[in-house]
1. Listed highest first by mean packing, meaning other Cβ atoms within 10 Å per residue, what order do 438-451, 91-104, 301-314 come in?
2. Pairing the Cα long axis of helix 384-398 with the longest principal axis of the chain, what angle in degrees results, from 0 to 90 and rounded to the nearest 10?
3. Where does helix 196-229 land angle-wise versus the long Cα axis of the chain, in degrees 0 to 90, nearest 10?
4. May I ask for the Rg/Rh ratio of the chain, computed from Cα atoms with Rh as the Kirkwood radius, given to two decimals?
5. Assigning unit charges at the beta carbon (Lys, Arg +1; Asp, Glu -1) and nothing else, what dipole magnitude in debye, to the nearest 20, does the chain show about its Cα centre?
6. Could you tell me which of ILE355, ALA399, SER270 has its Cα farthest along the dipole of the stretch 268-404 towards the positive end, charges placed at Cβ (Lys, Arg +1; Asp, Glu -1), taken about the Cα centre?
7. Which entries in LYS337/LYS450; LYS225/LYS354; LYS66/LYS450; LYS63/LYS91 show an alpha-carbon gap greater than 31 Å?
8. How far, in degrees from 0 to 90, does helix 417-430 lean away from the longest principal axis of the Cα atoms of the chain, to the nearest 10?
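Values in this text are rule-based calculations from the coordinates and carry no lab data. Please read these numbers as outputs of a predicted model, since none were measured by experiment. Counting neighbours? That spans all protein chains shown, and the Cβs are built from the backbone with ideal geometry, glycine included.
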Amino acid sequence: MSTISTHHIKSIYLSKLFGRYTYKLPNEGEGLSELNILYGENGLGKTSLLSLVFHLLSPARNKGHKTAISAIPFHELQVTLNDGTIISATKDAQLLKGPVHFAIVSGGQATEWRFNPNSRSTIAIDGLPDKVDVTSLPPELKEEVTQTLTQREFFRQLSLLQAAPFMLTSDRILMGDSIESPRESRRSASQEPTSRSKVSEIVADYRIAAVTQAISSASSWLQTKFIERSYGAGGSASHVYQNVVERIASTPYKTSKGLSKSEEEEMRKSLIDKIDDVNIRTKEYSSFGFARTSISSVIRASVVDSSGNKFRLIESILTPHLDELKVRLDSIEPTYKLANGFVLNVNKFFHDKKIKYTLIDGLHIYSNDDVEEKTPIEPSQLSSGEQQLILIFCNVLIARDAPNIFIIDEPEISLNIMWQRMLVSSLQELSSESQTQFIFASHSMEILAKHRNRVVTLDAV
């Protein structure tokens, strides 16, 4: 289970959406939790509400977030975070479109900025110095410079909130300021489609490119985590220790003084337990290419068969090596658990395919019929439901380094009933021990019934 962060959303207030609907979420209770499933009849504006929240919290200046907010009819939107910060957008109560007054109120300090979608500033935000004495500027520049400075400060404060969300739209396009535009799409998003079929083709191409990039990003993220936690190869010393232990075990040298029988047996058991633990964990981790240094059967047999001071000498040489290997395996363990959890969660959904990960090759999907697993399946060969799963799971994995909010509009789209039942629990398992908040909008009875204590009903105030 993920944990609630001060950067997560506590409540949402939206008034006069489309001039008709006013909502307060949650409509009862202390606030939103780490998992929230928004339910309401069709036409009540669930998608628009989620879209407004996504655009309001997204701090990128050049991705059209504020323009999108100005285009959706509403009067006031307030998003309150768990730390008490309020981010708001307010429009004229009659027009409901056009200019927007944005504000961030945190710790008693307010940062405000008025956005006009029809105005175009001639002054670049990044072109201004850090400090500007507005009072000394010519009258014709004062207003424009002031507006630019307040805009820059607003986006700076918004970035400091660390509440930048992700949103998976009903078209299965994942949006987020940290997500690069897919590089492999064969069509430009700026092309004007002339038919519904062309729109579908463009969306499909974009999604395939996004899935390809998500797989690549997840592979790189896991590799980076391994490098951050790993140190040294640890493999070259294994043969040295084995040779030393073998020589000691084969020597006829004995002394008259040694350990008592009980002390020797206790130490032997401890040493064998350490050897077995290292070997079991190494075997597990080696499936992902995370570890390769195990203790040979020859060394283990020497520990079992040796006695007296000969055993004590073996123990004194072998113990530091085992301790070093344990520290290394302990450092790798969190990354192994993430990689293993990711693979297990995805493969629970697949029927005739499986996803595999190795440190060198990264993430790839194979057919169960491909015994030798030489040829990975391309994202374009996956069904729309499979593409959706890979896209969500990869991005939930790589977003866990910081507090994050995932907004998903109708997660049940393209998923069969069994997958709908499994989806939410699998996402919770994957995001375990991270600061991830999920906000879904769903009509699926499979999702709603299984997680009914997390349902937030969309009732107009």
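1. 438-451, 301-314, 91-104
2. On a 0 to 90 degree scale, this one is about 70.
3. Here the helix axis deviates by roughly 40 degrees.
4. Answer for the chain: 1.11.
5. Once rounded to the nearest 20, the dipole reads 180 debye.
6. Projecting each Cα onto the dipole axis, the largest value belongs to SER270.
7. LYS66/LYS450
8. Roughly 70 degrees between the two axes.
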